[in-house]
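Read-outs: derived from the displayed coordinates by stated rules, not from any lab. Everything numeric in this text was worked out from a predicted model, so none of it was measured. Using ideal geometry, Cβ is built from the backbone for each residue, glycine included, and neighbour counts are taken over all protein chains shown.
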Amino acid sequence: MVVGSTAASRLGTAASEKDAKALEFLEEMTRNADKVQEKVLADILTRNADAEYLKRYQLGGATDRRTFKLKIPVITYEDIKCDIQRIVHGDKSPIFSSYPVSELITSSGTSGGERKLIPTVKDEWDRRQSIISLLMPIMKRYVPDLDKGKALYFYFIQSETKTPGGLEVRTILTSFHKSDHFKNRPYNPYTQITSPNEAILCPDSFQSMYTQMLCGLYERRLVLRIGAVMASGLLRAIRFLQLNYEELAHDLKTGTLNSKISDPTLRGCMLNRVKPDPELAEFIINECSKQNWEGIITRIWPNVKYLDAIITGAMAQYIPMLEFYGGGLPIACPMYGATECYFGLNLTPMCKPSEVSYTIFPNMAYFEFLPYEPSSSRSTHDPIPEPVDLSSVEVDKEYEIVVTTYSGLYRYRVGDILRVTGFYNSAPQFRFVRRENVLLSIDTEKTDEVELQKAIENASQYLNEFGTSVIEYTSYVNTKTIPGHYVIYLELMVKDGTANPPKDSVLSHCCLMLENSLNSVYRKYRHEEKIGPLEVRVVKNGTFEELMDHAISRGVTINQYKVPKCVNFTPILELLESRVVSVHFSPALPQWTPERQW
Ligand code: AMP
């Protein structure tokens, strides 16, 4: 049934009564954003009244905003790390929440080189589901007939561990895909996917990707949208096809299954699906063996209406490649969320990449916004400015988002900087500006300046053994390769005065040392092939002085000048490139053990 008037909103009319209800819920929530926020805070503080953390700050059972802000400090992860360690080691007392901790979710953000752990409670998925269930009703407003086919979405789970206290430790998406919300989802013609659960739930990433791709190829004419959570993941899938199309085509031709698919549950499931289709196999070989892969997605999946992936923030660097492979297909960038909390949705998902804004959903958590001042313009002694409420943010200003969640984070700084672009009803809309303190990022790992500096120091100590020291360095993220990789430009000084830098074996080992010094998410992603081997490019002596001259010629004074620790300005990159004397790659995978050393 098509209902029009029931869901009259700025989003237009709804496709069904169920959608109308969903959109009406969105309207109601955003119309009364401030009231919803007041209630959300009162709910969180009431349900967690027994939490030790709130008692520690003598909240005294208050549930109003004024007392909450007066008593509870604005914090970062470091401030609660000790409490989280107590949970890791089996303390079951109500530290953050009156509800028991159901699992620890690993964030891609790191603290002291290790992944952050965020405690969560059982009903968290119900809340997150309320935002996920709005995705399709919104999308249907813009793209018709999405029930006439399927989605090819590349979803993966990751390895899980257990704390000494017996709690499951995993990523938010692993938790979701293993939950009943996903495994026992009711049939919905709009959310049919080509991948069987067995493929998504296979922990081996090669087997998972191979079988998801195979299913997507079998049903190529049915596929109406193609996506992954992040743009980097979608590009990895394309690269996988490039590397494995011959083996995939062999299976399509013969109706057999590659022996590398050895997971018994997955193999059993796939053997029921494979069937010989020589015509399809020939088509795939024909298309994939062509030199030019421009528009490959539309060639293989001719009925695709749009691509779906996050393309804001660090993912914006992949937009040109997605446009290249997608042959100009629109890219929908649907949502903004984190391990700590889901924040909101893009209500106009088919907009241009440069116009993506997210409407914050006031029912997800209690949100505050710290007026943003770049750390360079403030002294470390300055008090941090007072955060403002969701309804008090101002258009065109930048803020860092601070959350108070049902699971028991209180006034927690997420680290994301957002700019207000407008309001949907009374809920603010934000453009994602950047993650604070992130220098380099290929996937969702975040390498900051301090980490890179430490890595350079370690590598430098090693080079000292060969009579060489690092005079200066800078870095760059090369996303032209799939997967992308870090490039470090080094200017070296050879102590014996000769111009002979150390041998390739020494500098390659130096690349590995740099990798071993980076955070655990970086090293994990190297093992998962989400990041390629680190590259060192040695530049001619005097190059960094030339960089300074270049900056000075553009108006920077010598006193002000600092070597940029990451470069992406083309003239600077060109200058560096023209001075490269040798290139070296990490010869092996860095150390990383799936089992966490608690
Ligand atoms: P994680 O907690 O590992 O899931 O990472 C969450 C972080 O990823 C957020 O705090 C953001 O920095 C980034 N992120 C998530 N969604 C988006 C988005 N739509 N656009 C830009 N960055 C995002």
Förster radius 51 Å - calculated FRET efficiency between Asp382 and His181, Cβ distance, rounded to 0.05: 0.70
Square roots of 5 times each gyration tensor eigenvalue, C-alpha, the range 384-488, largest first, Å: 39, 16, 13
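I'd like the antiparallel share, as a percent to the nearest 5, of DSSP beta bridges with both residues in the chain. Let's see the in-between values first.
Values: 53 of 73 bridges.
Counting DSSP beta bridges with both partners in the chain, the antiparallel share is about 75 percent.
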Simple spin-label estimate for Thr76 and Gln591 in nanometres, 7 Å along Cα-Cβ: 2.6
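Expressed in nm to one decimal, what extension gain is obtained for the pair Thr63 and Asn478 from 0.36 nm per residue of sequence separation less their Cα-Cα distance? Mind showing how you got there, number by number?
Working: separation 415, 0.36 × 415 = 149.40 nm, distance 4.89 nm.
The span from Thr63 to Asn478 would gain 144.5 nm if fully extended.
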Quarter of the Cα convex hull surface for the chain, i.e. its orientation-mean projected area (nm²): 29.3
Listed pairs Lys183/Lys253; Lys446/Lys530; Lys21/Lys178; Lys35/Lys446 exceeding 25 Å between Cα atoms: Lys183/Lys253; Lys21/Lys178; Lys35/Lys446
Under 17 Å from the Cα of Lys503 - aspartates and glutamates, other chains or at least 8 residues apart: Glu465, Glu491, Glu535
At 1.002 mPa s and 20 °C, Stokes D of the range 361-436 from Kirkwood alpha-carbon radius, µm² per second: 166
FRET efficiency, 1/(1 + (r/R0)^6) with R0 56 Å, evaluated for Phe206 and Lys18 via beta carbons: 0.90
